[in-house]
Amino acid sequence: MENSVNIDLKFVNKIYRYIKNDMPVETFMAKFNVNQSELNGIIELCKVYGKDVSLEKKDGTMVFQKEAAKSSQNIKPSINDKKLNHNEICVVSDTHFGSIHNQVHLLNEVYQEAYNRGIKTVLHVGDLTDGTYPERKENPRQQFLHGFDEQVGYVVDMYPKIDGMTTYYILGSHDETSYKNGQATANFWVDKCRNDMVYLGQDTGTFNLDGVKIVLDHPGGGSAQSISYKPQKRIEIMETKNKPKILLIGHYHKSYAFNYRNVQCIEVPCLCDKTQFQQKQGLLNVMGAYFLDIYSDSFGNIEYFEPEEVLFSQNDVWDEVGKDKKKVKQLVISNGKY
Ligand SMILES: [Fe+2]
Ligand SMILES: [Fe+2]
């Protein structure tokens, strides 16, 4: 039975996903069939769970404002500003296909939401597969799929497939084990087998979004005590002229958005449950994804950037061993049909 905290968190996440900056309050009230005092209660509940939503009057209409990551580009341009490129993309990471902790149904949920928003581009920041670690004796028991063939086959067969949507991805530390064990590059073969999945490179890759330079980065090694310490260090060593506008970091299974040296940096959460290792070490495992709303000029400079964090709670996890494998289906949307 779901406890009330989980029910509230699920509700808050759903509400927060729906609300957009400058959305008229009346639109929301009609959609959820709530009155003014119920709306005030919902805003208070959002605050309790760290989602800051406020109301303000714009051109005589009461609209929502969501708290965005602070940046120098915090004045939203007019949607009709033809001089700017406007893109909304989705960012995911660390799906670890083949692990008993993988949660394909949560990945499907994110892709369904991306489809509902009309998003065409998804970036995946590595660790598509769980890989194989022969030196870790517990490894076989932590997986329901073993080795290159089974894990890559599962990505090819199960990764969401939606008409018009392309996933660009890099190779992460777990994917790399296939290469170390037998010189097979998991991510390269996924690209060969799927027209809608494009491999950008090992450890790091660059994606050009209407001239906006986005770097995907999958470091190795463990986490630091401070959530922003390692990403800041990575940005510090970047040469000014080679810096990306947006840096996406996978691997840490954490969620954090900040601006440093004029780089919009996102630590992208994972889409798999906590492993035995994380449990033993007391390490945080944050599950979720980001939707990025980006306005840029013709030189690839960002004029406005709004990262929207979507988080899943422990209650969203299917933790019965193999349940995800047994019950989940591939999300396929073709010509608007499921
Ligand atoms: Fe990972
Ligand atoms: Fe990793």
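The values are calculated or read from the model by the stated rules, or taken from the named source; none is laboratory data. Keep in mind that this is a model prediction, so the values were computed, not measured. When we count neighbours, we look across all protein chains shown, and the Cβ atoms used for this are built from the backbone with ideal geometry, even at glycine.
Of the residues in the range 98-125, how many are part of a loop (DSSP other than H, G, I, E, B) and without any contact (Cβ under 8 Å) to a residue 60 or more places away in the chain? Talk me through it step by step, then tell me what you get.
Taking the range 98-125 and keeping what is part of a loop (DSSP other than H, G, I, E, B), we get 98, 100-101, 103, 117-120, 125.
Still in the running and without any contact (Cβ under 8 Å) to a residue 60 or more places away in the chain: 98, 118, 120.
Within the range 98-125, residues that are part of a loop (DSSP other than H, G, I, E, B) and without any contact (Cβ under 8 Å) to a residue 60 or more places away in the chain number 3.
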Inter-residue pairs, beta-carbon under 7 Å, first closer than 14 Å to Gln276 by Cα and in the range 126-142, second assigned to a helix (DSSP H, G or I) and modelled with pLDDT under 95, 6+ apart: Glu138/Gln276; Gln142/Gln276
Are any residues in the range 247-264 closer than 16 Å to Gly126 by Cα and not aliphatic (A, V, I, L, M), and if so, which ones? Gly250, His251, Tyr252, His253, Lys254, Ser255
Only residues that are more than 16 Å from ligand 2 (Cβ to nearest atom), out of contact with any Pro (no Cβ under 6 Å at 6 or more places or on another chain) and not in a loop (DSSP other than H, G, I, E, B): list them for the range 248-262, please. Tyr256, Phe258, Asn259, Tyr260
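Residue check: is Ala69 away from ligand 1 (no atom under 16 Å from the Cβ), small (Gly, Ala, Ser) and modelled with pLDDT of 90 or more? Step through it out loud before you land on a result.
Values: away from ligand 1 (no atom under 16 Å from the Cβ): yes; small (Gly, Ala, Ser): yes; modelled with pLDDT of 90 or more: no.
Here the answer is no, as Ala69 does not meet what is asked.
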Which residue out of Gly250, Gly205 is out of contact with any Phe, Trp or Tyr (no Cβ under 8 Å at 6 or more places or on another chain) and crowded, with 18+ Cβ neighbours inside 10 Å? Gly250
In the range 201-254, which residues are within 16 Å of ligand 1 (Cβ to nearest atom) and at positive phi? Asp203, Gly221, His251, His253
Considering only residues of the range 172-187 that are crowded, with 21+ Cβ neighbours inside 10 Å and more than 13 Å from ligand 1 (Cβ to nearest atom), which is nearest to Ser93 (Cα to Cα)? Asn187
Every residue from the range 147-186 that is away from ligand 2 (no atom under 14 Å from the Cβ) and of a type in the set (A, V, I, L, M): Val152, Val155, Val156, Met158, Ile162, Met165, Ala184
